[in-house]
2 protein chains.
Amino acid sequence: MVQLKSKRSTDPEAIAHVGLDVLENVLSYYIRSLNMAVSRDLDEKLDGLEVAKGTGKITTLLLVDRHPGIRSSVIAQLVMRDRSAMVRVVDQMEEQGLLTRRADDEDNRAQGLFITRKGRELADRIRPVVVKQSRDFFPDLSDEEHRTLITLLGRTYRRIVGLPQQTPA
Amino acid sequence: MVQLKSKRSTDPEAIAHVGLDVLENVLSYYIRSLNMAVSRDLDEKLDGLEVAKGTGKITTLLLVDRHPGIRSSVIAQLVMRDRSAMVRVVDQMEEQGLLTRRADDEDNRAQGLFITRKGRELADRIRPVVVKQSRDFFPDLSDEEHRTLITLLGRTYRRIVGLPQQTPA
DNA sequence: TATTGTTATACTCTATAACTATA
DNA sequence: TATAGTTATAGAGTATAACAATA
């Protein structure tokens with residue numbers, strides 16, 4: 001069961017009758033709050049795995065593994081960071097031996113990212129962890145409700161980052 | 001229309017065919033990503049309003065307005081921070097004249113938070129902004145889909161922070 | 001002149017532990 | 001001894017602008 005991290009929470013009675021004011025019906029409030037909780041939980045589940053803290057590293061690892069030669073600017077757009085923020089992520093992951101940079105043949109300004117053997121092994125290892133963590137974090141959702149959330153939030157995500165909408169099967 | 005903040009994004013063609021690997025079906029990925037986008041957008045909408053950056057301040061302001069004498073530890077639990085993180089928020093807001101601390105009559109260790117006139121005015125001003133921003137951020141959701149998201153994410157949120165589940169009307 | 005990647009910097013947030021004062 | 005609030009600090013994330021090399 002997912003739990004608050006703090007050792008002891010306040011008396012349940014003290015909090016039971018607190019209303020959230022207008023935030024009760026503000027979707028972004030839940031997204032912002034759950035983000036903190038789910039991120040902390042994921043960090044715990046990935047503890048020691050050379051990837052933790054921030055969506056950037058996991059996404060980068062999986063995307064580079066899936067798309068050899070992908071540019072960091074493309075990843076930046078998908079994880080909603082700017083290019084300068086990506087540099088540090090790639091620097092760090094390159095130092096860790098998870099991926100390598102190689103100049104693009106056609107455009108010498110650009111460079112592609114490539115996974116290493118170590119990086120691929122790590123990717124294979126974290127994939128099931130990431131999937132399971134996310135599902136386990138929402139035990140009070142049915143499979144159908146879980147799918148619904150992914151569909152609806154995914155729709156907004158894709159629009160914002162510029163990915164094409166998924167065509168219903 | 002909500003847009004990416006970066007000046008220019010990469011060629012749409014370069015990104016259109018990028019698959020997200022397993023993250024495609026990972027709910028926490030969308031929550032973590034959308035959190036960044038929706039938080040940035042909210043900051044812009046609240047620009048200059050003495051409240052911005054982080055869920056903490058807005059939630060604190062609205063909760064103190066709604067529940068005079070509420071303790072910071074209760075707010076901490078609702079916004080998923082620890083007490084030490086709350087201190088800075090309350091410090092700052094007290095300096096800004098938005099709220100005041102007053103020792104609890106019954107338990108001198110504890111202290112209640114109370115809104116000021118200035119704080120109440122600000123609360124009244126930001127409420128519609130926060131509600132509108134959140135709805136506007138998801139233009140591709142129908143009202144029903146929007147309600148569904150709030151219901152489902154709210155359920156998980158309430159469990160995690162220890163609020164009672166809402167009884168279906 | 002525009003773009004890719006990089007560097008530098010300042011700022012904020014987060015996490016942890018230890019401290020105080022009351023109970 | 002346990003709790004409410006506080007302080008201090010180290011680490012990580014974020015945002016911005018300016019830069020070099022290439023197109």
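The values are calculated or read from the model by the stated rules, or taken from the named source; none is laboratory data. No experiment lies behind these values; they were computed from the predicted model shown. Glycine also receives a Cβ, built like all others from the backbone with ideal geometry; neighbour counts cover every protein chain displayed.
Structure summary
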quantity: Yes/no for B:ARG88 being assigned to a helix (DSSP H, G or I), charged (D, E, K, R) and under 27 Å from A:GLY56 (Cα atoms); calculated: no
quantity: Residue within the stretch A:137-145 that is buried (at least 20 other Cβ atoms within 10 Å of the Cβ), within 19 Å of the chain's Cα centre (by Cα) and at pLDDT 95 or above present; calculated: yes
quantity: Residue within the stretch A:52-59 that is within 16 Å of DNA strand D (Cβ to nearest atom), more than 12 Å from chain B (Cβ to nearest Cβ), within 16 Å of the chain's Cα centre (by Cα) and not in a helix (DSSP H, G or I) present; calculated: yes
quantity: The stretch B:66-77: number of residues that are at the interface with chain A (Cβ under 7 Å from one of its Cβ atoms) and outside any loop (DSSP other than H, G, I, E, B); calculated: 4
quantity: Selected residue (criterion: nearest to the other protein chains (Cβ to nearest Cβ)) from residues of the stretch A:84-142 that are more than 15 Å from DNA strand C (Cβ to nearest atom) and of a type in the set (Lys, Arg); calculated: A:ARG127
quantity: Boolean, A:SER28 is polar (S, T, N, Q), without any contact (Cβ under 8 Å) to a residue 12 or more places away in the chain, away from DNA strand C (no atom under 13 Å from the Cβ) and closer than 20 Å to A:PHE138 by Cα; calculated: yes
quantity: Matching option when the condition is surrounded by 13 or more Cβ atoms within 10 Å (Cβ to Cβ), closer than 30 Å to B:ARG127 by Cα and away from DNA strand C (no atom under 15 Å from the Cβ), among A:LEU61, A:LEU23; calculated: A:LEU23
quantity: Condition met for A:ASP11 (more than 7 Å from chain B (Cβ to nearest Cβ), surrounded by fewer than 19 Cβ atoms within 10 Å (Cβ to Cβ) and under 19 Å from the mean Cα position of the chain (by Cα)); calculated: no
quantity: Matching residues in the stretch A:31-51 - criterion: being on the phi > 0 side of the Ramachandran plot and free of Cβ contacts under 8 Å to residues at least 60 places away in the same chain; calculated: A:GLY48
quantity: Neighbours by Cβ (under 6 Å, 6+ apart or cross-chain): first from the stretch B:146-169, more than 19 Å from B:MET80 (Cα to Cα); second in a helix (DSSP H, G or I) and not acidic (Asp, Glu); calculated: B:LEU149/A:LEU27; B:LEU149/A:LEU152
quantity: Filter result (within 18 Å of the chain's Cα centre (by Cα) and either among the aliphatic types (A, V, I, L, M) or surrounded by 13 or more Cβ atoms within 10 Å (Cβ to Cβ) (or both)) within the stretch B:84-101; calculated: B:ALA85, B:MET86, B:VAL87, B:VAL89, B:VAL90, B:GLN92, B:MET93, B:LEU98
quantity: Residue that is nearest to DNA strand D (Cβ to nearest atom) [pool: residues in the stretch A:102-112 that are loosely packed, with under 15 Cβ neighbours inside 10 Å and part of a strand (DSSP E or B)]; calculated: A:ALA103
quantity: Residue in the stretch B:113-134 that is of a type in the set (S, T, N, Q), loosely packed, with under 13 Cβ neighbours inside 10 Å and either farther than 25 Å from A:ASN25 by Cα or away from DNA strand D (no atom under 15 Å from the Cβ) (or both) present; calculated: no
quantity: A:GLY162 touching a Pro at 6+ places or on another chain (Cβ under 7 Å), within 13 Å of chain B (Cβ to nearest Cβ) and surrounded by fewer than 20 Cβ atoms within 10 Å (Cβ to Cβ); calculated: yes
